[in-house]
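Just below is one structure, and these are the notes that go with it.
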Amino acid sequence: MGGEIIPSSEIIKWAEERGVAIASLNFNNYEFLNSICKAAADLDVPVILATTEGAIKYLGIDVISSMVPRLVKRYGIKASLHLDHGRKIETVLLAIRNGYTSVMIDASDKPFEENVRITSEVVKICKPLGITVEAELGVLAGVEDEVSGEKNIYTDPEQAKEFVERTGVDMLAVAVGTSHGAYKFKGEPHIDIDRVKRIRELTGIPLVLHGASGVYEDIAEKIGLKGARGLSDELLMEAIRHGIRKVNTDTDLRMAFIYGIRKSLEQSPTEIDPRKHLRVAMDEIYKMVVRRLKVISFLEKG
């Protein structure tokens, strides 16, 4: 596929042409990133490689900007390097200076007019540079990394139309029922599909679904997350059919990593070479990424 880092908007075109979505996969270290790139290469699909502000603090943005191009080239994939939930314009500028090709400015916790103002400023900076801009309207409940919300505030379709027209944003993250973290739903999982359809109809731009991890029961139970519930594959695919073009996955990868580490420690409790434990964790992340890519990009249907 080329080994290129390109803007998310170019990758989203691939999804639009096929009526599917692109997986935006968060990474926190080398093991996550390598597993993601290997899975994308094996399935021959483009991906969005995402880091939160927390991941940047942990890894160092200089390490990220050095490591990502090398692994993308090693595996010959097409990918974008994306800032996930950038809260400040200063963070966006830092990302741009370090080779990010896609940024999310998240001012969704601000009043509407302030969200419009901040997002518009980021768009003015990024558009001449060919950098894709994602924004968010509405609030997702739950906690993940440094992002939190007490309750869901669903995205209003008419307001979304105004927001997109006034800001010129490339992608819009919407609140339609999902939430951050491992405990996404009480009762049956639900997405407001009619809301997704209406927002897509009125805005005409690619929509983004955050809080979209599956929190698969076979993994959750093995790491002690009793009662954890995520978004079913069926509901996710239905949302994709009606305009979701970017699907964020973070929690599933974290769970796979923890499962791999625990499994390795249980099987080899006296092993003191961390690389051997990490290889098991990488294998579990790889399998989870493959699982997610098959659902998000409809690969099981060819």
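Among the residues of segment 59-100, which ones are in contact with a Gly (Cβ under 8 Å, 6 or more places away or on another chain), free of Cβ contacts under 8 Å to residues at least 40 places away in the same chain and among the β-branched types (Val, Ile, Thr)?
Residues of segment 59-100 that are in contact with a Gly (Cβ under 8 Å, 6 or more places away or on another chain), as a first pass: 65, 68-69, 72-78, 81, 92, 95.
Now narrow it down to the ones that are free of Cβ contacts under 8 Å to residues at least 40 places away in the same chain: 65, 92, 95.
Within segment 59-100, 92 is the sole residue that qualifies.
Residue by residue through segment 178-199, note down the ones that are within 25 Å of residue 82 (Cβ to Cβ) and modelled with pLDDT of 85 or more.
Of everything in segment 178-199, those that are within 25 Å of residue 82 (Cβ to Cβ) and modelled with pLDDT of 85 or more turn out to be 191, 195, 196, 199.
Kindly establish whether residue 35 is part of a helix (DSSP H, G or I), among the hydroxyl-bearing types (Ser, Thr, Tyr) and within 22 Å of residue 255 (Cβ to Cβ).
Details: part of a helix (DSSP H, G or I): yes; among the hydroxyl-bearing types (Ser, Thr, Tyr): yes; within 22 Å of residue 255 (Cβ to Cβ): yes.
The answer is yes for residue 35.
Confirm whether residue 9 is buried (at least 16 other Cβ atoms within 10 Å of the Cβ), part of a helix (DSSP H, G or I) and either of a type in the set (Val, Ile, Thr) or under 17 Å from the mean Cα position of the chain (by Cα) (or both).
Yes, satisfied.
Can you name the residue in segment 195-212 that is in contact with a Leu (Cβ under 7 Å, 6 or more places away or on another chain) and in a loop (DSSP other than H, G, I, E, B) and, of all such residues, is farthest from residue 105 (Cα to Cα)? Steps first, please.
Taking segment 195-212 first, the residues in contact with a Leu (Cβ under 7 Å, 6 or more places away or on another chain) are 196, 199-200, 203, 205, 207-208, 210-212.
When the remaining residues are screened for being in a loop (DSSP other than H, G, I, E, B), the result is 205, 210-212.
Working: 205: 16, 210: 14, 211: 17, 212: 19 Å.
Among them, the one singled out is 212.
Report every pair of residues separated by at least 6 positions or lying on different chains whose Cβ atoms are under 6 Å apart, first residue within segment 10-21 and in contact (Cβ under 8 Å) with a residue 12 or more places away in the chain and small (Gly, Ala, Ser), second part of a helix (DSSP H, G or I) and buried (at least 22 other Cβ atoms within 10 Å of the Cβ).
21/15; 21/240; 21/296
Of all residues in segment 102-125 being polar (S, T, N, Q) and in contact with a helix residue (DSSP H, G or I) (Cβ under 7 Å, 6 or more places away or on another chain), which is farthest from residue 248 (Cα to Cα)? Working first, answer last.
Applying the first criterion (polar (S, T, N, Q)) to segment 102-125 yields 102, 108, 115, 119-120.
From what is left, the residues that are in contact with a helix residue (DSSP H, G or I) (Cβ under 7 Å, 6 or more places away or on another chain) are 102, 108, 119-120.
Details: 102: 14, 108: 17, 119: 20, 120: 23 Å.
If we take residues in segment 102-125 being polar (S, T, N, Q) and in contact with a helix residue (DSSP H, G or I) (Cβ under 7 Å, 6 or more places away or on another chain), then 120 is farthest from residue 248 (Cα to Cα).
Residues that are at positive phi, out of contact with any His (no Cβ under 9 Å at 6 or more places or on another chain) and at pLDDT 95 or above: does segment 60-72 have at least one?
So the first thing to find is which residues in segment 60-72 are at positive phi, and the list is 60.
In the following step, the residues that additionally are out of contact with any His (no Cβ under 9 Å at 6 or more places or on another chain) were identified as 60.
In the following step, the residues that additionally are at pLDDT 95 or above were identified as 60.
Checked segment 60-72: at least one residue is at positive phi, out of contact with any His (no Cβ under 9 Å at 6 or more places or on another chain) and at pLDDT 95 or above.
The values are calculated or read from the model by the stated rules, or taken from the named source; none is laboratory data. Only a predicted model underlies this, so the values are computations on that prediction, with no experimental measurement involved. Heads up, the Cβs are rebuilt from the backbone with ideal geometry, glycines too, and the neighbour counts pull from every protein chain shown.
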